[in-house]
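Notes to accompany the following structure.
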Amino acid sequence: MHCYWKKAFKIINLLKTLCYEQDEIYGFFMSITLLFSGCASMNNTGKGAVIGGGSGAALGAILGGVIGKGKGAAIGAAVGTAVGAGTGALIGKKMDKKAAEAAKIQGAQVEKVTDTNGLSAVKVTFSSGILFPFNSSALSSNSKTSLAEFANLLKEDPTLDIAVIGHTDKVGTYEANQKVSTDRAFSVQKYLQQCGVAPVQFKEVKGVGFSEYNDSETAEQNRRVEVYMYASEQMIKNAEASN
């Protein structure tokens, strides 16, 4: 693929004058410019480099919106400033390592995702989710074993931010399921903290009821909690200082 970034940049400048007040549209066109300028293959490290090369508040916002529609709430808070290519690459490499370590945990299912700043992040669930009995937020003994091992991974890097999202099946009312999913998220957070994970690392803990119900899975598999690992502002600063 040839790099036509100069032509793309001129087009973006023209479009920017027409839709300057439309932040979301402007962010979209900036992301297109980024794709032209990147011209690189994508692994987690490379992905961090390409997206990091031009990301900031505008790009972070639109990426967060896209992620939110496809995979739930956007993960992480936008830093509001451009993240350099070298910084993105370093964080991508770190997240690759965390994903590989998490995949070794018994029953862990690992997915590489993207945070609000366009940087690499990792989503971890466990086989059939972190299972809960119907209408309960009590962790199973198997879940506790896996979570204890997972906690060791989280403790290794205090600059790693964490989001915990609880889910339910579709049985019962919206209000009841919202409460149960929230209780499940906090149950996981509490247990991880008991295993030594610092409370300050948890930036978001919430339930979403059955709003992200997976029809291809069983009801038991929808009674789950997903744990996201992503770069904190301090991790980004540390990576910038290393360049």
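Every number here is computed from the coordinates shown, using simple stated rules; none is lab data. Treat the numbers as computed from the prediction; the structure is a model and nothing was measured. Backbone-built Cβ (ideal geometry, glycine too); neighbour counts: all protein chains shown.
General observations
- Protection proxy ranking, peptides 93-99, 173-179, average beta carbon neighbours within 10 Å, highest first: 93-99, 173-179
- Evaluated over the Cα positions of the stretch 85-242, the convex hull gives a direction-averaged projected area, one quarter of its surface, of 8.8 nm².
- If the segment from residue 156 to residue 234 were pulled out straight at 0.36 nm per residue, it would be longer than the present Cα-Cα gap by 26.6 nm.
- Summed side-chain charge close to residue 124 - residues other than residue 124 whose Cβ falls under 12 Å, Lys, Arg +1, Asp, Glu -1: +1
- A simple count of charges around residue 236, restricted to other residues whose Cβ falls under 15 Å of its Cβ and scoring Lys, Arg +1 and Asp, Glu -1, yields -1.
- For residue 139, the shell of other residues with beta-carbons less than 10 Å away shows a net charge of +3, using +1 for Lys and Arg and -1 for Asp and Glu.
- Taking the DSSP beta bridges with both ends in the stretch 85-242, the antiparallel portion is around 75 percent.
- Rounded to the nearest 20, the Cβ-based charge dipole of the stretch 85-242 about its Cα centre (Lys and Arg +1, Asp and Glu -1) stands at 280 debye.
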